[in-house]
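The values are calculated or read from the model by the stated rules, or taken from the named source; none is laboratory data. Small disclaimer: the values here were computed from a predicted structure and weren't measured. Glycine gets a Cβ as well: all are built from the backbone with ideal geometry, and neighbour counts include every protein chain shown. Surface accessibility is based on the protein's heavy atoms, side chains included, excluding ligands, DNA and RNA. Shrake-Rupley method; radii C 1.70, N 1.55, O 1.52, S 1.80 Å.
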Amino acid sequence: MTDAPDDLPVHGGDLAGAATRFGSPASNGISGGWLDLSTGINPQPYPFMPLDPALWHRLPQQAMQDALISAAASCYRVGERAAIVAAPGTQAILQWLPRLLPPAKVAVLAPTYGEYAPNWRAAGHEVTIIHELATAAAAQVVVLANPNNPDGRRIAPETLLALADDLAARDGWLVVDEAFADAEPEISLSARAGMAGLVLLRSFGKFYGLAGLRLGFALAPTDLATRLREALGPWAVSGPAQAIGAQALADRAWAADTRERLALASASLAGLLRRAGLASAGGAPLFQLVRHPQAAALYDHLGRQGILTRTFAEQPDWLRFGLPAARDVARLEAALASWSK
């Protein structure tokens, strides 16, 4: 077994790596196990109904796939069902999409997810990292997240629609990762899914707190959606994921209540961090980004307390905190209070 290449993106949620670096919480005398705040996942997952046991031993069924797509179309306000592609997480889409488009000049709006640029480069595209949309004029493909990770940057829908129109006129594409848009649906372009030049990615696991389910969607013009569906192959989404996804996406009352709860919890987290002397560098309902010259020291301090956060090699003064469950807020507050700045 060889070591992973140094240029692979760093991800949150690596509890094994955290244990190697800090020791396990138990070995450090910390009760309660790991408090993982290194990802932007809803700490209160969707309470899905028990599944038919048969789902675990039979292949996914087309009727259930159809039900999932119908639920997604209704939830995301997509008028053309053929524009929706279900996948085993948006990661699969991120890896396949660059291989379905001819080599092009691609602009990735940074800072953002570390997966974008490597995936497009691996497929033979010429990738440029940009920090302002105005500098993307020469690009044929523009890739961005809205709301953005890790700083919560938001771009107005009308600005993105104008850019998509401009790119489509040049046979180009605007790829928008809306992984965190469920908590802020007003920012989403999903109602325009299917228009030329626009590809949207929707993550299921973050807002619904079920990241281990591995479910995501691409919303794209029907010809590209068809090619992506064929590339993913049959049975791309498991039967349990189909069933749980359809159930959750249809539960509008839970989604509305969750948006209110996340907004309050996020504001509370921002206040807690501010009182700890950490300057805000942005955020979204599922995470807060702070800036501090001793961010690395704080990361280590929290790690020894069994609390895992997210650092950024390119921005060593940044630290991102995922949203803690209500029961874990006091633990985080105590760990911050014990930090010697």
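Summary of computed values
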| item | result |
| --- | --- |
| Residue check for Leu272: outside any helix (DSSP H, G or I), touching a residue at least 24 places away in the same chain (Cβ under 8 Å) and farther than 19 Å from Ala73 by Cα | no |
| Total residues in segment 228-242, condition crowded, with 17+ Cβ neighbours inside 10 Å and assigned to a helix (DSSP H, G or I) | 8 |
| Sole residue being basic (Lys, Arg), out of contact with any His (no Cβ under 6 Å at 6 or more places or on another chain) and under 21 Å from Gly79 (Cα atoms), chosen from Arg261, Arg202 | Arg202 |
| Residue in segment 212-220 that is over 24 Å from Val141 (Cβ atoms), assigned to a loop (DSSP other than H, G, I, E, B) and open to solvent by less than 30 Å² (accessible area, probe 1.4 Å) present | yes |
| Test: residue in segment 113-122 that is farther than 28 Å from Asp14 by Cβ and crowded, with 19+ Cβ neighbours inside 10 Å | no |
| Output for segment 277-317, where each listed residue is under 19 Å from Asp328 (Cα atoms), more than 21 Å from the chain's Cα centre (by Cα) and not hydrophobic (A, V, I, L, M, F, W, C) | Tyr299, Asp300, His301, Gly303, Arg304, Gln305, Gly306 |
| Which numbered condition Glu260 fails, given (1) buried (at least 17 other Cβ atoms within 10 Å of the Cβ); (2) in a helix (DSSP H, G or I); (3) of a type outside the set (Gly, Ala, Ser) | (1) |
| Hits in segment 52-66 - residues which are of a type outside the set (A, V, I, L, M), part of a helix (DSSP H, G or I) and either free of Cβ contacts under 8 Å to residues at least 12 places away in the same chain or open to solvent by less than 100 Å² (accessible area, probe 1.4 Å) (or both) | Pro53, Gln62, Gln65, Asp66 |
| Residue that is surrounded by the fewest Cβ atoms within 10 Å (Cβ to Cβ) [pool: residues in segment 192-211 that are touching a strand residue (DSSP E or B) at 6+ places or on another chain (Cβ under 7 Å) and charged (D, E, K, R)] | Arg192 |
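Okay, residues lined up against (1) modelled with pLDDT of 95 or more; (2) under 14 Å from the mean Cα position of the chain (by Cα):
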| residue | (1), (2) |
| --- | --- |
| Arg170 | no, no |
| Val176 | yes, yes |
| Ala181 | yes, yes |
| Glu186 | yes, no |
| Lys206 | yes, yes |
| Leu210 | yes, yes |
| Leu219 | yes, no |
| Arg227 | yes, no |
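The rows are residues; the columns are (1) of a type in the set (Ser, Thr, Tyr); (2) touching a Lys or Arg at 6+ places or on another chain (Cβ under 9 Å); (3) open to solvent by 10 Å² or more (accessible area, probe 1.4 Å).
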| residue | (1), (2), (3) |
| --- | --- |
| Ala107 | no, no, no |
| Pro147 | no, yes, no |
| Gly152 | no, no, no |
| Asp165 | no, no, yes |
| Ser190 | yes, yes, no |
